[in-house]
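The structure appears below as structure tokens.
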Amino acid sequence: MAAAGASASANAAEPVTQTIELPTLTADMSAQVAQSAAVTQQAAADYELRAERDAAAAEAAAEAKKDLAEAKKKAEAKKKAAEAARKAAAERAARSAERATLSASASASASASVSAPASGSVATVIAFLKAQVGDAYVMGATGPNAWDCSSLVQAAYKQVGVDLPRVSQDQSMAGTEVSLSNLQVGDILYWGGKGSAYHVGVYIGDGKYLDAANPSKGVVIQDLSGYPASGAVRVL
């Protein structure tokens, strides 16, 4: 009994162990796993491709918008340039028409002064000119205290009823051409070509002339030998 009891006690103390068998991975399950992985990978690739396409489309849209804005900007600039050119052309045409009108008017005045009989006296012209000595020279001025060369000559002859053109070019065409070796007091001297003279003055005798010279000299009497004239005309 003692031996049997000891054996029973020993058997009672020995632990009981059990082996659990894991299921074996079958070929079908492996195929399913592989297929699932492939599907997942394909989905990821498709998603990445769509993302790239969307990004490319967005970039293309942004570029197209930028190109459109640039095209509109260039078109607007071209339109403004064309408008400016049209306006400039219109202004040039207006100025040309105005100059043509003024030139025609001046030529008509010159013709009238040539055909009209001279009145008054040379002495009156010279007295008026000498009274202006010391006045300033200002381009475009017409008196009474500032003159340019042609306005002074015009004003002087107006004192005796001779209506001369306003500018030196036309004044060189007035009256009768005379030789520089046969000058008389009161003859109009001009510098430059006849019809394109750039300066005029009046001969006052003794080899001298009076003119509105330039801004530094003003109205002065000068020696003709120091600045020989190109030609002369006689209107009195």
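The values are calculated or read from the model by the stated rules, or taken from the named source; none is laboratory data. Keep in mind that this is a model prediction, so the values were computed, not measured. Reconstructed Cβ throughout: ideal geometry from the backbone, glycine too, with neighbour counts over all protein chains shown. These area figures cover heavy atoms from the full protein model, side chains too; ligands, DNA and RNA do not enter into them. Shrake-Rupley method; radii C 1.70, N 1.55, O 1.52, S 1.80 Å.
Some observations on this one:
- Scan of the stretch 193-220 for residues that are in contact with a helix residue (DSSP H, G or I) (Cβ under 8 Å, 6 or more places away or on another chain) and open to solvent by 10 Å² or more (accessible area, probe 1.4 Å), ordered by number: Gly195, Ser196, Tyr198, His199, Tyr203, Ile204, Gly207, Lys208, Ala213
- Residue count for the stretch 164-183, restricted to those that are touching a helix residue (DSSP H, G or I) at 6+ places or on another chain (Cβ under 7 Å) and either outside any loop (DSSP other than H, G, I, E, B) or among the hydrophobic types (A, V, I, L, M, F, W, C) (or both): 7
Quick grid of which residues meet (1) in a strand (DSSP E or B); (2) polar (S, T, N, Q); (3) closer than 22 Å to Lys158 by Cβ:
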site	(1), (2), (3)
Val185	no, no, yes
Tyr190	yes, no, yes
Gly193	no, no, no
Ala197	no, no, yes
Gly201	yes, no, yes
Ile204	yes, no, yes
Tyr209	yes, no, yes
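- Matching option when the condition is under 41 Å from the mean Cα position of the chain (by Cα), at pLDDT 95 or above and aromatic (Phe, Trp, Tyr), among Tyr209, Tyr137: Tyr137
- Residue in the stretch 171-185 that is nearest to the chain's Cα centre (by Cα), counting only those that are farther than 18 Å from His199 by Cβ and small (Gly, Ala, Ser): Ser179
- Candidates Ala110, Ala81, Ala127, filtered to the one that is in a helix (DSSP H, G or I) and at pLDDT 95 or above: Ala127
Listed here are the residues, each with its yes/no results for (1) at pLDDT 75 or above; (2) open to solvent by 100 Å² or more (accessible area, probe 1.4 Å).
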{"site": "Ala6", "(1), (2)": "no, no"}
{"site": "Thr24", "(1), (2)": "no, yes"}
{"site": "Gln41", "(1), (2)": "yes, yes"}
{"site": "Ala45", "(1), (2)": "yes, no"}
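- Taken over the stretch 152-169, residues that are surrounded by fewer than 21 Cβ atoms within 10 Å (Cβ to Cβ) and either of a type in the set (Phe, Trp, Tyr) or in contact (Cβ under 8 Å) with a residue 60 or more places away in the chain (or both) amount to 4.
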